Structure formats: C-alpha cells, structure tokens
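Structure first, then comments.
The values are calculated or read from the model by the stated rules, or taken from the named source; none is laboratory data. Since the structure is predicted, the reported quantities are computational estimates derived from the model, not experimental observations. Glycine gets a Cβ as well: all are built from the backbone with ideal geometry, and neighbour counts include every protein chain shown. These accessible areas exclude ligands, DNA and RNA; they are computed on the full protein's heavy atoms, side chains included. Shrake-Rupley method; radii C 1.70, N 1.55, O 1.52, S 1.80 Å.
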Amino acid sequence: VKTDGVGAAVTEDHKSALQERVQSSDHALPTYELVGTSGPAHRRVFETEVRLGERTLSRGEGRTKKESEQRAAEHALAELKRR
C-alpha cells in the first residue's frame with residue numbers, strides 16, 4: 001500500500017526501478033544527495049535530490065533519508081515516463 005504525504009510508508013522500490021531504467025539507456029547510475037532538513041528533531045523532514053551526472057532529475061521529502069530518496073526516485077520515474 002502506498003500513500004502520499006510526508007511520513008507515509010513507502011512499499012515500492014523506486015530507487016531500483018530508476019536504476020534499471022537509466023542503465024537500460026546506457027546512462028550513469030543515479031546519485032542521491034541530501035539537500036535539506038527541516039522541522040524539530042522529533043519530526044524531522046529530509047529533502048533529497050536525485051541526479052544523473054550533473055543533471056538534477058527531481059527532489060523528494062520524507063521522514064527518513066531513505067524515504068526521501070525513494071520519493072525523489074518516484075518523482076524522477078514519473079518525469080522520465082512523461083518524456
């Protein structure tokens with residue numbers, strides 16, 4: 001089950017799906033960088049950016065670093081599908 005919103009559980013592995021998609025197109029592996037945090041320590045929100053080389057694909061937010069990476073990958077996949 002997947003729901004939207006910060007703090008929601010992520011059950012799909014969007015990072016692996018993004019990696020497979022870009023590798024099939026002979027691109028470099030995506031990289032993830034923590035670009036910000038906000039909120040009090042007990043309700044921290046992490047913001048992560050996913051990149052291909054120097055190009056930023058998308059950003060994602062989550063209650064954990066892992067969740068923010070998954071959301072960034074999910075948004076990147078959606079953007080790549082639109083193209």
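Here are a few things to note about the model shown:
- Once the C-beta distance of S38 and K81 is scaled by a Förster radius of 35 Å, the resulting FRET efficiency is 0.75 to the nearest 0.05.
- Amide H within-cut-off set for L57, under 5 Å, with H built and near neighbours excluded: V50, R51, L52
- Once the 1.4 Å probe is applied to the protein heavy atoms, the chain comes out at 64 Å² accessible per residue.
- Between the listed residues P30, G62, H42, the Cα displaced farthest toward the positive end of the dipole of the chain, a dipole computed from Cβ unit charges relative to the Cα centre, is found at H42.
- Over the chain, relative contact order from alpha-carbon pairs under 8 Å, at least 6 apart, %: 25 percent
- When each of the peptides 69-77, 22-30 is scored by the mean number of other C-beta atoms lying within 10 Å of its residues, the order from highest to lowest reads 69-77, 22-30.
- Spatial separation of Cα centroids for the range 19-36 and the range 49-73, in angstrom: 10 Å
- Note on the chain: percent of Cα-Cα distances in each 5 Å bin, starting at 0 and stopping at the bin with the largest distance, equals 3, 16, 27, 25, 15, 9, 3, 1, 0.
- Sorting R83, R44 on solvent-accessible area from highest to lowest, probe radius 1.4 Å, gives R83, R44.
- On Cα atoms only, tilt of 14-24 relative to the major axis of the chain in degrees: 20 degrees
- Counting only DSSP H runs of at least 4 residues, each contributing -39500 (n - 2.57), and dividing by the residue count of the chain, the helix-based mean residue ellipticity at 222 nm comes to -11500 deg cm²/dmol.
- Expressed as a whole percent, the accessible area of the chain that falls on carbon and sulfur atoms is 45 (1.4 Å probe).
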